[in-house]
1. Please enumerate the residues belonging to the range 118-153 that are within 22 Å of the chain's Cα centre (by Cα) and either loosely packed, with under 14 Cβ neighbours inside 10 Å or among the polar types (S, T, N, Q) (or both).
2. What number of residues within the range 154-186 satisfy the criterion of being among the hydroxyl-bearing types (Ser, Thr, Tyr), open to solvent by less than 30 Å² (accessible area, probe 1.4 Å) and either out of contact with any Leu (no Cβ under 8 Å at 6 or more places or on another chain) or within 15 Å of Ala240 (Cα to Cα) (or both)?
3. How many of the residues making up the range 162-181 are modelled with pLDDT of 90 or more and under 15 Å from the mean Cα position of the chain (by Cα)?
4. Do any strands (runs of 3 or more DSSP E) lying entirely in the range 155-197 carry at least 1 residues that are out of contact with any Ser or Thr (no Cβ under 8 Å at 6 or more places or on another chain) and in contact (Cβ under 8 Å) with a residue 40 or more places away in the chain, and which ones are they?
5. Can you pull out the residues in the range 29-49 that are open to solvent by less than 50 Å² (accessible area, probe 1.4 Å) and within 20 Å of Leu82 (Cα to Cα)?
6. Could you grab me the full set of residues in the range 80-107 that are in contact (Cβ under 8 Å) with a residue 24 or more places away in the chain, farther than 25 Å from Gly54 by Cβ and loosely packed, with under 15 Cβ neighbours inside 10 Å?
7. Quick one: Val206 ticks every box in (1) open to solvent by less than 70 Å² (accessible area, probe 1.4 Å); (2) in a helix (DSSP H, G or I) bar one, so which box is it?
8. Can you spot a residue in the range 148-155 that is out of contact with any Cys (no Cβ under 6 Å at 6 or more places or on another chain), modelled with pLDDT of 90 or more, under 18 Å from Thr28 (Cβ atoms) and not hydrophobic (A, V, I, L, M, F, W, C)?
Amino acid sequence: MKEMNGIKIIGVDHGYGNIKTANTVTPTGIIQLDSKPTFTKNTLYFEGNYYLIGEGHKEYLPDKWNDNDNYIFTLMGIARELHREGMTSANVLLAVGLPLTWVDRQREEFRRYMLQNKNLSFQYEDKSYSVSIKDCRVFPQGYAAVVDYLKDMNGLNMLADIGNGTVNIMMINNCKPITTQSYTEKMGVNQCVKSASNAMMNKLGVTIDESIIQSMIRFGKADIDSEYSAVLRQAISEYADSIF
């Protein structure tokens, strides 16, 4: 979290698989609860409703403002960043992102969505927060990873941002991004998980928990028999080939 003229700058990456801030990563599962839960970890209270965040993943939606989920995720991200600084109130400038080729079309809608309430009061994990949203800036996802290194990107380079829902590709030629050679494809890691799950059903007639597939993707191993492991490896390898 950065500060400029007394305003805290908080970046929130609204991925389909995980919500990221500078210092936190949280799965995008969200459940609205009927009453205050017994355990308040990862629970947010806002406008009379409790939300449990972090169990599972959000379904793919092409327009990220079509429901209230990403707004609730944003409040959680603000709370988690302020908590790290020992703060419960702040003036905040939000920095958020959209897939590369969606920015021009969706920037203003997403910005209005984030600015729907300028003054906010909410609770996260039973701690109360008071926040004033001063502005929101929308940036192309992935670009932030290379902007500080553009001066060294001589010749032809490629940025590949592989998320859970989408894959964003940007070509960079002699230190300059090429707008006409930027692409967003619905080929995120969730497609790999679905392919692996289908392969297990088609070849072995079994269903498998997503956490096992994720373990194989992330670490190359999982606590399963070698026959199952081989099927998962093959499906994951085919996904990787399709990305390349």
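1. Gln123, Gln141, Ala145, Val147, Asp148
2. Number satisfying all stated conditions: 1.
3. Qualifying residue count, the range 162-181: 2.
4. Working: elements: 156-162, 167-173, 176-185.
Result: 156-162.
5. Thr40, Asn42, Thr43, Leu44, Phe46
6. Result: Asn91, single match.
7. (2)
8. no
The values are calculated or read from the model by the stated rules, or taken from the named source; none is laboratory data. It should be emphasised that the depicted structure is a prediction, and the values quoted were computed from it without experimental measurement. Please note: Cβ atoms are built from the backbone with ideal geometry, for glycine as well, and neighbour counts cover all protein chains shown. For accessibility, only protein heavy atoms count, side chains too; no ligands or nucleic acids. Shrake-Rupley method; radii C 1.70, N 1.55, O 1.52, S 1.80 Å.
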